[in-house]
Structure formats: C-alpha cells, structure tokens
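> Let me begin by handing over the structure; questions about it come next.
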Amino acid sequence: MTTLPDTTKPGQKKLGLVIDLDTCVGCQACAVSCKEWNTQGYSAPLTDLEPYGPDPAGAWLNRIHGYETGEGDNARGLHFPRSCLHCETPACVTVCPTGASYKREEDGIVLVNPDTCIGCKLCSWACPYGAREYDQDDGVMKKCTLCVDRIYNENLEPEDRQPACVRACPTGARHFGDLGDENSDVSKLVKARGGFDLLPQMDYKPVNKYLPPRPRRDTAGGVKSTPLETVGKGDGSLAERVFSWIDEVLS
Amino acid sequence: MHPAYSVILFTTASGAGYGLLALLGLTGASHGSASDFWFGAVSMLVALGLITAGLLSSTFHLGHPERAWRAFSQWRSSWLSREGVLAVATYVPACLFGLLWVLPGSNETLLAVLGIITAILAMVTVICTAMIYASLATIRAWRHWLVVPVYVIFSIATGAVLLFALASVFGRSGIPALGVITIVALVLAGIAKLVYWIGIDNMKPIYTMGDATGLGGDVRQWELPHTSENYIQSEMGFRVARKHARKLRMIVGACLLAALVLVWAAFGFEGDAAPVFAVLAVLLVSVAAVVERWLFFAQARHVVSLFYGEQSV
C-alpha cells in the first residue's frame, strides 16, 4: 500500500542512521560492505554491469561523496555518505503506482517489494536525495533496506544485528538506532552534536540525521598550535642570527 | 531529466488521441450521429488507435511490463495509478459512444450523454498524465502552474488538427466551428508554451548545494563517489538538450505557426488541396508536440543534481 502509515503516534519507532561528517574518513568500507551484504540478501541480486570493463555500471545503495566548504584557514574537505534517509513523508512511496514501495508501520523502514515493482522509475524521480538506483538487469528499483534482514535476524550474533554499513565503519562515524525514542543513544547524539536534516525545506522529514563537522581548533590537548607562517623564523637571539648567517652562506 | 522516447511517444500520441476523442464526443453531443459512417468509424479508430499505441509504448520503458496491471491498484495516492485507471475506464464510454455515433438511428440523448462523459474522462486522463510530473517537488520546472494547462491545450490542439484533417479527407474542411476551434487551440498552445518557457527561464534557484548537504554556505564538490556515470546521473542529470534549447523552441514555434497557416489555407480552399494542407498540418503539429515534450524532460533539472556538482536549482 503506497499510502503512508500514521507515524505521529507517541512512541512511534523510527529506525534510522546518524552519520558523523566529522569522523568519516571516506574509506568506502560502508559502501562496499553494503554492496556485499545486499547482493546476497533482501536486495539480491544487486547487479553490476561490466564491473571489470572500461565503463562499469551498477546499483549501489550507499555512495560516498567528497565536498569542500569554507575559505582560507576555515576551508575543509569532508566525506559525505549518501543513502536512503527513510523519510517520514517519502514521496517515493506515494507516487508508486503498484504498492511495491512502502513504509513499514512498525519501524518506519522504507522498502521496495522486488516481486511487485514494475520498474517505472517514478519513485527515483520523486526522491530529492538520489537514494534509489534502478537495477537494469533485475528490472526493479533498489534502495537501502536499513539491512532489515540483519537487524532482526536472530541467526546473527547480537552485535551483528545492525546495518552492514554501521558494522563496517572503522571510525564509528555511522550510528544506528531508534530516532523516534528521544532517550535512545542516537537521539542523544543528535541532540548533543546538533544533528541536522538534509533539505529540510522540502518537507520530506528525513529520519536519518547528519552530524556537522566539529569547528576547527587551534589547540590540541590544551597546547596552542604554532601558526605555520611563524615556524622556523627563530627568536632573534645571537645564536639564531649566527645560524641564520651560516644558512645564508651555505645556501 | 532523461527524455525516454517511449514516454515522449506515449504522452504525445495518447495526448493527441484523447484530444481527438474529446472533440468527437463533443461533436456527437452537439450534432447527433456521424454525418458519414466512414468518417465516424475512421475518426474513432484513429483516436482509440493513438491512445492504445501510446499506452502500449508507455509499458516499453518498464523493467517488468508483464506486471503493468498492478499499476491500477494505488489510485489513492499515485497520479500514475490514477492515469492508468482513467485511461482504461475511458475505453468503456468511448467504445459505446463510437458504436452509437456511427450507427444510424441512435438515441440522441444517450449519444449526447456518452459523448460528454467520454470527453470529460479523456481530458481528466490527460490531466492525470500531467499531474504525474506536476506533483514532483523535486523538479521545479514541472511545478510551474502551466504544466497541466499545456498538457491539456497540446492534447486539444493536436486532436483538433487531426480532426480537421480527417474532416478534410472526407471533404468537410469548411466546417466553421471546427476551423475556429483548431486555430484557437493552436494559438493557445503557442502562447501557453511561450509563457511557460519564459517562466522557467526566470525561475530563481531556491535550493543550493549547501542546503542539500546541510553544510550551508559555499560548498564545492571535490570527489565523485564513483568513477563512471551511475543511474542517478544518467536519469536525472541529462544535459544534452540545454545547449540546443533555443533552436528547438524556435522549431516548435515555427511548426505551430506553419500548421496554423495550413489549417487556415485548407479552411479557405475547401477544394482538392484542402486534405493535403490539413495532413501536412498534422505532421507539423506532431513535430511541435514531440519536440516540445522532449524539451519538457530535457530542460527539467532535478534537485538531486545538487549532490553531483550543480550549485543551485
């Protein structure tokens, strides 16, 4: 059913990810781990076309961009993982003509039923976040399932019952939990770090949150760092001037 | 947006078919039975043939055409589903109307009721087609208030030129009401499209890369997530047409104008040349509709392009 479930009930579970842009190092482990799990799980096959050819193509559910912000001393590069945000009002679901796209009432996960999807691609047009990728070979739309086949899977060890991307992240930049529960670890983290929504003005109400990069610091462990331009300038003592003279003679 | 040929063919062919069907319905409602069996039968077949060809071609771009029947189920939320339901529903009164219209001695009241129902359903189907696009918040050019009117006006204009050509072929190019409707529809189509183009050209961007990434301010892309083009880029990041947009728009305008002149000429001459002029007008208006529809897709920019280096949309 592509009409949306009522998610305004108190205590409504909203499973999602919190992604820390401060600690993500862009190693692609989450993307690879996602691909590896999902090409054998719910989304299988997650097809690649000509993977070793000159122009490989394929469906991936997680893409890691690189962006740069700020100017001068405040310029910084950062890595930006992008996947389905499991929105509270996902237009990708309501535009689906067949009911293949749906939002689960019990935990808010947005899924595609691969047995009823006709591959019309309209859902991918309705998503502002580019979260859905069409599998040309399978003829259906693929998207992040929040590893629905892991998180409730009692055949896995308890510590493995979280999305593959979260499990794979070597820097702890990805967090999984219930964002509908304000006392959950992820909700507390979002509150403490000022987590934000992507394109909030579009009103899709994403569940996933992003944590901003921490502001640049000039001290490390209480010690002020030396500005680069003063390094090697010396303190003007007699010894410094002698060394400076020798340096000039030898240069 | 990537302009899929099957979707362009579908929206223009079925648009012309529904426009013709609506005009035939109104003709039956106002004038009673078809004046000539063959004129009626051929016109109905052309209308339903275009609609059917369009609907079939729309399934060509599906990953699983054999599951297309499932698209009738979600009419509560999906404009695509509504379009499918109405497209099929329109066949019922249209076929009944067609039969009554071409057969002599039909009940005039029943014919009028069926004609009007057919015309209304045909136009509502076209509105649903347009709403598939106009309801997407991610593509601002499609949120323009003229998107739905342009779909309807192009449907009527292409349908009217078709009807005019059919009437001419059957020796009836001189019907004043038909000539006037055709010319007015062509003029309105041109004006509506021009205003739409001016409108989208002057749209101020409202979303930036800073909004999309949540980082605010000036954000620059320094690394793509993948080495070759992915689905998102090829489907949503189509750019080829933009550099030709001006020329293509002039072609649309020129074709509409030439079609108008030919209809006018055929209307005036009622002789042997009339069907030739009218059929040429059909060709010209078809080119205008296809190019216009191609630009509608190719010029539309999607919000997701902000993640791929576009600074603002």
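> Within segment A:83-98, track down each residue that is touching a helix residue (DSSP H, G or I) at 6+ places or on another chain (Cβ under 7 Å) and either assigned to a loop (DSSP other than H, G, I, E, B) or touching a residue at least 60 places away in the same chain (Cβ under 8 Å) (or both).
Correct list: A:Ala91, A:Val95, A:Cys96, A:Pro97, A:Thr98.
> I'm trying to understand the selection: among the residues of segment A:222-238, which are modelled with pLDDT of 75 or more and open to solvent by 60 Å² or more (accessible area, probe 1.4 Å)?
Result: A:Gly222, A:Val223, A:Lys224, A:Leu238.
> Still on this structure: Could you check segment A:60-92 and list, in sequence order, the residues that are hydrophobic (A, V, I, L, M, F, W, C) and more than 27 Å from A:Leu49 (Cα to Cα)?
Matches in segment A:60-92: A:Ala75, A:Leu78, A:Cys87, A:Ala91.
> Just checking, which of B:Phe10, B:Phe39 is within 21 Å of B:Ile116 (Cα to Cα), in contact with a helix residue (DSSP H, G or I) (Cβ under 8 Å, 6 or more places away or on another chain) and part of a helix (DSSP H, G or I)?
B:Phe39
> For segment A:70-87, does any single residue satisfy the condition of being open to solvent by 10 Å² or more (accessible area, probe 1.4 Å), over 17 Å from the mean Cα position of the chain (by Cα) and within 9 Å of chain B (Cβ to nearest Cβ)?
Yes, segment A:70-87 contains a residue that is open to solvent by 10 Å² or more (accessible area, probe 1.4 Å), over 17 Å from the mean Cα position of the chain (by Cα) and within 9 Å of chain B (Cβ to nearest Cβ).
> For A:Ala44, work out the one condition from (1) at the interface with chain B (Cβ under 9 Å from one of its Cβ atoms); (2) free of Cβ contacts under 8 Å to residues at least 12 places away in the same chain it doesn't fulfil.
Among (1) at the interface with chain B (Cβ under 9 Å from one of its Cβ atoms); (2) free of Cβ contacts under 8 Å to residues at least 12 places away in the same chain, A:Ala44 violates only (1).
> Turning to a different aspect of this structure: Among the residues of segment B:217-246, which ones are small (Gly, Ala, Ser) and either more than 9 Å from chain A (Cβ to nearest Cβ) or within 30 Å of A:Ala75 (Cα to Cα) (or both)?
Result: B:Gly217, B:Ser228, B:Gly237, B:Ala241, B:Ala245.
> Quick one: in segment A:93-134, which of the residues that are more than 8 Å from every other protein chain (Cβ to nearest Cβ) and of a type in the set (Asp, Glu) is surrounded by the most Cβ atoms within 10 Å (Cβ to Cβ)?
Within segment A:93-134, the match that is surrounded by the most Cβ atoms within 10 Å (Cβ to Cβ) is A:Asp107.
> Then there's this: Within segment B:170-184, can one find any residue that is more than 14 Å from chain A (Cβ to nearest Cβ), at pLDDT 95 or above, closer than 18 Å to B:Val261 by Cα and open to solvent by less than 60 Å² (accessible area, probe 1.4 Å)?
Yes, because at least one residue in segment B:170-184 is more than 14 Å from chain A (Cβ to nearest Cβ), at pLDDT 95 or above, closer than 18 Å to B:Val261 by Cα and open to solvent by less than 60 Å² (accessible area, probe 1.4 Å).
> Consider A:Leu199 carefully, then state whether it is out of contact with any strand residue (DSSP E or B) (no Cβ under 7 Å at 6 or more places or on another chain) and either more than 14 Å from every other protein chain (Cβ to nearest Cβ) or among the β-branched types (Val, Ile, Thr) (or both). Working first, answer last.
Values: out of contact with any strand residue (DSSP E or B) (no Cβ under 7 Å at 6 or more places or on another chain): yes; either more than 14 Å from every other protein chain (Cβ to nearest Cβ) or among the β-branched types (Val, Ile, Thr) (or both): no.
It is false that A:Leu199 is out of contact with any strand residue (DSSP E or B) (no Cβ under 7 Å at 6 or more places or on another chain) and either more than 14 Å from every other protein chain (Cβ to nearest Cβ) or among the β-branched types (Val, Ile, Thr) (or both).
> Working only within segment B:232-258, note down all residues that are aliphatic (A, V, I, L, M) and touching a residue at least 24 places away in the same chain (Cβ under 8 Å). Steps first, please.
Residues of segment B:232-258 aliphatic (A, V, I, L, M): B:232, B:236, B:240-241, B:245, B:248, B:250-252, B:254, B:256-258.
Residues satisfying the conditions are B:Ile232, B:Met236, B:Val240, B:Ala241, B:Ala245, B:Leu248, B:Ile251, B:Val252, B:Leu256, B:Leu257, B:Ala258.
> Can you pull out every residue in segment A:187-220 that is polar (S, T, N, Q), part of a helix (DSSP H, G or I) and open to solvent by less than 40 Å² (accessible area, probe 1.4 Å)?
A:Ser187
> Does A:Arg167 fit the bill of being farther than 30 Å from B:Pro3 by Cα, at pLDDT below 95, open to solvent by 60 Å² or more (accessible area, probe 1.4 Å) and basic (Lys, Arg)?
no
> Okay, moving on. Counting just the residues of segment B:13-36 that are of a type in the set (Ser, Thr, Tyr) and assigned to a helix (DSSP H, G or I), which one comes out nearest to the chain's Cα centre (by Cα)? If you could, list the steps in order and put the result at the bottom.
First, the residues of segment B:13-36 that are of a type in the set (Ser, Thr, Tyr): B:14, B:18, B:27, B:30, B:33, B:35.
Applying the additional criterion that residues be assigned to a helix (DSSP H, G or I) yields B:14, B:18, B:27, B:30.
On the way: B:Ser14: 7, B:Tyr18: 9, B:Thr27: 21, B:Ser30: 25 Å.
Residue satisfying both the conditions and the ranking: B:Ser14.
> Just for segment B:186-231: of the residues that are touching a residue at least 40 places away in the same chain (Cβ under 8 Å) and charged (D, E, K, R), which one is least open to solvent (accessible area, probe 1.4 Å)?
Within segment B:186-231, the match that is least open to solvent (accessible area, probe 1.4 Å) is B:Lys193.
The values are calculated or read from the model by the stated rules, or taken from the named source; none is laboratory data. The structure presented is a predicted model; accordingly, all values stated were derived computationally and were not measured. Note that we place each Cβ from the backbone using ideal geometry, even for glycine, and neighbour counts take in every protein chain shown. When the accessible area is computed, the model is the full protein with side chains, heavy atoms only, and any ligands, DNA or RNA have been set aside. Shrake-Rupley method; radii C 1.70, N 1.55, O 1.52, S 1.80 Å.
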